[in-house]
Amino acid sequence: MSDTAILINTGVTVAAIVVLIVRFRLNPVIALVLGSCYLGLSTGLGVSKTVEEITAGFGDVMAEIGLLIAFGVLIGAILRDLRAIERLVDKLLKVFGERRIPYAMALTIATVLQSIFLDVLLVISGPLARGIGKRLGPRGVARMATALAIALECGIVFTVPGVGALALAGLLHVPLGKYLLFGLVVVIPTVTVAIAIMSVLFARGWWNPAKDEMADEIVAPEARPQGGPGTVAAVDLRKPPALPVVFSPLLGALVLIATGAVAEMLEWSNPVVAFLSSPVVALLLGLVGTCLIGRRYMGQPAVESALGSGLRDSGQILLLNGVGGCLAAVLAAAGLGDILGKYFSANTWAPLLLVWLMAAVLHIAVGSVTISAITSAGLLAPIAPSLGLDPVLIALSAGAGSLFMVHLTSNTFWLLQSLLGQTTRGALKTVSVGVSVASVVALGPILALNLVL
């Protein structure tokens, strides 16, 4: 088949996936598999080869990140039931004060709390952020809403074990420890600078509480359906554990992973360090430690309940990441990498900007940060070697682009709108504009890293 025909069918595949998700409200998992089937058959792979690539692509991604996602979600489920988020926010407010709390809360959510399922994290932190915002003056809600939106979305794609970060690292074959280190280099300045820019805009009159905030009561976490994502278990913590104790297993796991990445960059080899710093073992140790803490302070039945909730949450995440691997495998088998490699190389004008643009266009069309990150990574995986760039930069650029223009088709947009007590107009400012600013700001540290790698 000609190169032109393959490119046309690839374009039709991406457009069809977007239409199925947006217009016909088809589940993204089904849409991505259908798109993979069409692409394989239309590019001449044949029935057997198409099915083989789809199943192999799914299996490859699950082998790479499946256990990591499951362990991360389970850790987050126990932290949720230990009420770690509420207590951590209260501590941050005491330590940093009202003036700096938007930055402190945002950086904590974007880095430390990414193991917690997004809906759960948002449902718990949203009311807390709104309560704090009321204490910060007439622009307080705007500042806290923006900080929360930027932190949640940036954390997903830049911070291990965020769902988008794991997907990008897995599909582009970036060592997880390396992604952890470079992701932190990107996410910390991105969150800080983006919040500062938005704060300046609000201070210059861009926020009107009368039009941008609503008086209606926010949706309480207890009002969400029982048993689904966002459910908060009622656990009686008579003597809650100290916060350093609660987070020590997770932080210890991340330190182990980072240690492995540093050792690899320094070309230092030690079998014990290599074993303990492998992401699967490190997160497993973090999960065991978190379970022991939960058992000590909540009791074994409550820990089992939290783990059951986490397993339900992880199912949809695992499927979505896996089908991203299906599309990537079919694209590679169709020869897209070789075709685009003739035109899309390190000599191409601003290749990282083109990667960012591809992910941004997909996000505007689909309306989901995670889906656009996974889809763009699937498209980029076959051509990544031809770019002549470090894969971690390609992954980070795709993640940054997938943040651009969170809008009305996003579930996160409406949760932030209701939980923070904003009107739709207000949410467009804090969520759509705020996260888009972060998307653009993230290019700064990514391009800076490109100069040193």
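The values are calculated or read from the model by the stated rules, or taken from the named source; none is laboratory data. Since the structure is predicted, the reported quantities are computational estimates derived from the model, not experimental observations. Heads up, the Cβs are rebuilt from the backbone with ideal geometry, glycines too, and the neighbour counts pull from every protein chain shown. Remember, those area values only see protein heavy atoms, side chains included, never the ligands or the DNA or RNA. Shrake-Rupley method; radii C 1.70, N 1.55, O 1.52, S 1.80 Å.
Below are the figures for this structure:
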item: Relative contact order (percent, whole number), the chain, Cα cutoff 8 Å, 6+ residue spacing; result: 25
item: Net charge contributed by nearby residues that have their C-beta within less than 9 Å of Phe202 (K/R +1, D/E -1); result: +4
item: Subset of Lys94/Lys239; Lys94/Lys178; Lys134/Lys239 violating a 32 Å alpha-carbon distance limit; result: Lys94/Lys178
item: Rounded to the nearest 10 Å², the accessible area of Leu447 at probe 1.4 Å; result: 70
item: Shape call, segment 1-153: gyration tensor on alpha carbons, a/c limit 1.5; result: prolate
item: Size of charge dipole - the chain - debye, nearest 20, with Cβ of Lys, Arg +1 and Asp, Glu -1, no other charges; result: 1420
item: Segment 124-172, Cα convex hull volume normalised per residue, Å³; result: 58
item: Cα gyration tensor category, rounded, prolate or oblate, for segment 2-63 with a/c compared to 1.5; result: oblate
item: Protein accessible area in the chain, 1.4 Å probe - carbon and sulfur %; result: 66
item: Longest to shortest principal axis, alpha-carbon extents of the chain, angstrom; result: 65, 54, 44
item: Charge context of Ala70, other residues only, Cβ under 12 angstrom, K/R +1, D/E -1; result: 0
item: Where GluC sites (Glu not before Pro) in DSSP loops with at most 11 other Cβ within 10 Å are excluded, longest remaining stretch of the chain; result: 1-216
item: Volume of the Cα convex hull of segment 76-128, divided per residue and given in Å³; result: 66
item: Cut-off under 5 Å, modelled amide H: who pairs with Trp207 long-range; result: none
item: Residue-normalised accessible area of the chain, expressed per residue, 1.4 Å probe, Å²; result: 40
item: 3J(HN,Hα) from dihedral phi, segment 98-115, Karplus parametrisation 6.51/-1.76/1.60, rounded to Hz, x for glycine, proline; result: 5, 5, 9, 4, x, 5, 4, 5, 5, 5, 5, 5, 6, 10, 6, 9, 6, 7
item: Segment 62-149: trypsin sites (Lys or Arg not before Pro) in DSSP loop, at most 14 other beta carbons within 10 Å; result: Arg135
